[in-house]
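One structure is given below, encoded as structure tokens.
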Amino acid sequence: MVAANYDGVAPPAAASRGGGVVLALSSLGDPWGVQLTSQVRQDALCTGLSTLVLTDPRWYEHLLGAEADAALLTAIDLEQDGPRRVRSLSDRTRSGLVAFSAQMEPERFDVVSSSPVPAVHRAYARLRARHDRVHFLAPDLRSRPGGVLGVPRTAAFVDAVAVHDDGPAEQRMRLTPEGTRGTFEIALDWLNGPDRPSAVLCYTGYQAVALRLAAARAGVEVPEELEIIAIGDVPAEAELLGPISYYGVDDVFARLSGVVVDRAVERGDRPGRLHRFDWEYFPGTTTRDDETPRSSDDR
């Protein structure tokens, strides 16, 4: 799928590569991707640049044939040959590239380094201090290399289970279809079943939202009967039943948008830069923490 937002004003031809800002996202249905797109579009419009969103795996082919002022390449670490293709694009095009990767170092392209692995370990330990069993809600990623066990967040959960000597990690995992609706349906069955969890780490913010809504439908009290922590930011407008506790990057959308739009505005060849985004804990109303839960106005 390819979607475009265009402001009707072309950037100056002499200064621009002419492709605007390209966002290569794994999914447009994820609230994280929606909020990032909204932020980048707003910031890009101020510079006279259009925004193009790619949500299929053919970002490499697209950018080979249509140069961009800047392109943000997400999920690089999760795609087969992702790092190699970034380097190939850097060699073969003039697009200003920003790779979202915890594995790569900047070369002729920028790198945003933001690993969720330490956050998963801290989140597991936080919940494990109050619960004998901590579960993991994750999308079924069988179409990706290595499946769900091959991605850093899941691998970190498996490691955390082993560190606490909590038995086979696979018995603590519940896989769902990608997307909020499928997650909600699986979560509702889970909460109404005999093996209802009391503490769950969620692979993404949108899964935490779906689990929170399923708990409300099932009559499960949060956080008294079920504690939830998301790995990744939860957009405030998606938190219909109150702020969800999560590990994420403070002001992530504005910061990430700033990196990409600045790369587009500079337009000239320059050495790549490394941008480190560190994760921290933001308590909400889905955990029994001592910290005072934040309000949506604090987001």
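Shown for the chain: the carbon plus sulfur share of the solvent-accessible area, taken with all protein chains present and a 1.4 angstrom probe, equals 49%. In this structure, residue 189 and residue 278 have a Cβ-Cβ separation that, at R0 = 45 Å, corresponds to a calculated FRET efficiency of about 0.80. For residue 227, the amide hydrogen comes within under 5 Å of the amide hydrogens of 199, 200, counting only partners 5 or more places away or on other chains and with H modelled in the peptide plane.
Taking the helices alone, the chain has a mean residue ellipticity at 222 nm of -10500 deg cm²/dmol, built from -39,500 (n - 2.57) per DSSP H run of at least 4 residues and averaged over all its residues.
Placing a label point 7 Å from the Cα of residue 131 along the Cα-to-Cβ direction, the residues of the stretch 179-208 whose backbone N falls under 16 Å of that point are 187-205, 207-208. Residues whose amide H falls under 5 Å from that of residue 246, counting only those 5 or more places apart or on a different chain, are 230, 282, 284, with hydrogens built in the peptide plane. Taking the inverse of the mean reciprocal distance over all distinct Cα pairs, the Kirkwood hydrodynamic radius of the chain comes to 20.0 Å. Net length available on complete extension from residue 56 to residue 121 is 20.3 nm, with 0.36 nm assigned per residue and the Cα-Cα distance removed. Taking 0.36 nm per residue of separation and subtracting the Cα-Cα distance, full extension of the segment from residue 140 to residue 221 would add 26.5 nm.
Rolling a 1.4 Å probe over the heavy atoms of the protein chains gives the chain an accessible area of 44 Å² per residue. Take every Cα pair under 8 Å whose residues are at least 6 apart in sequence, average their separation, divide by the length of the stretch 41-190, and the relative contact order is 16 percent.
Sequence gap at least 6, Cα distance under 8 Å: using those rules, report the relative contact order of the chain to the nearest whole percent.
20
The values are calculated or read from the model by the stated rules, or taken from the named source; none is laboratory data. In this text the structure is predicted, and so the values were computed from the model without any measurement. Because the Cβ atoms are built from the backbone with ideal geometry, glycine has one as well, and the counts that use them run over all protein chains shown. Surface areas here come from the heavy atoms of the whole protein model, side chains and all, with no ligands, DNA or RNA. Shrake-Rupley method; radii C 1.70, N 1.55, O 1.52, S 1.80 Å.
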